1. What is the magnitude of the charge dipole of region 2-138 about its Cα centre, with +1 placed on the Cβ of each Lys and Arg, -1 on the Cβ of each Asp and Glu, and no other charges, expressed in debye to the nearest 20?
2. Most exposed first by the Cβ proxy, i.e. fewest other Cβ within 10 Å, how do Glu100, Glu40 rank?
3. For Asp80, Asp42, what's the fewest-to-most ordering of other Cβ within 10 Å of each Cβ?
4. May I ask what percent, to the nearest 5, of DSSP beta bridges between residues of region 2-138 are antiparallel?
5. Order by neighbour count: Ser113, Ser71, Ser85, fewest other Cβ atoms within 10 Å first, most last.
6. Using label points projected 7 Å from each Cα along Cα→Cβ, tell me how many nm separate Lys31 and His65, to one decimal.
7. Label Asn14 and Ser111 with points 7 Å out from Cα along Cα→Cβ: what is the distance between them in nm?
8. Determine the calculated [θ] at 222 nm for the chain from helices alone, applying -39500 (n - 2.57) to every DSSP H run no shorter than 4 residues and normalising by the residue count; nearest 500 deg cm²/dmol.
Amino acid sequence: MLTIITIGKVKDKNCLQLIEMYKQRIKLFTKIKTIEIKDEKDKQKETQNVLKHLNNGFIIVLDEHGKLMSSYELSNCIKDKINNSVEIIFIIGNYYGIDERVKQKAQLILSLSKMTFPHEIAQLILTEQIYRAFTILKGLPYHKD
């Protein structure tokens with residue numbers, strides 16, 4: 001099971017359509033859900049809303065200062081957790097980033113790039129990379145070496 005927690009809604013219809021396309025493809029391999037946390041002026045409340053969705057899963061926070069991984073490395077990380085029936089929870093912040101209390105709960109701080117992306121684009125890249133990870137694991141021709 002995969003969960004993507006994102007602060008803020010995806011407003012761009014084209015971006016949302018692509019995210020949904022990749023989520024449908026991922027569903028061929030595992031369950032996936034998205035939890036959208038409302039952007040709050042009160043950052044304490046926003047952080048509490050994120051924290052209440054965290055459980056004993058493997059928590060991955062996306063942050064530009066996190067660890068860079070190849071698609072193969074991400075696929076192996078996903079394989080390890082899924083083989084051990086561990087839920088993977090990805091967290092994508094808004095333009096303020098992720099509160100330190102949330103980062104402290106993470107087992108992995110992951111960077112999609114050294115560049116900064118809007119949360120909508122980060123979610124699109126993440127869902128594509130999750131799909132790519134499953135195609136690597138299943139030996140499907142989507143990923144080219």
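Read-outs throughout are calculated quantities, based only on the coordinates presented, and are distinct from any laboratory measurement. If you're wondering where the values come from, they're calculated on a predicted model, not measured in any experiment. Because the Cβ atoms are built from the backbone with ideal geometry, glycine has one as well, and the counts that use them run over all protein chains shown.
1. Taking the Cα centre of region 2-138 as origin, the dipole is about 360 debye.
2. Final ranking by Cβ density, sparse to dense: Glu100, Glu40.
3. Asp42, Asp80
4. Here the share of antiparallel DSSP bridges comes out near 5 percent.
5. Values: Ser113 10, Ser71 14, Ser85 7.
Arranged by neighbour count, lowest to highest, Ser113, Ser71, Ser85 become Ser85, Ser113, Ser71.
6. Modelled inter-label distance: 3.5 nm.
7. That separation, rounded to one decimal, is 2.8 nm.
8. Mean residue ellipticity, 222 nm, calculated: -13000 deg cm²/dmol.
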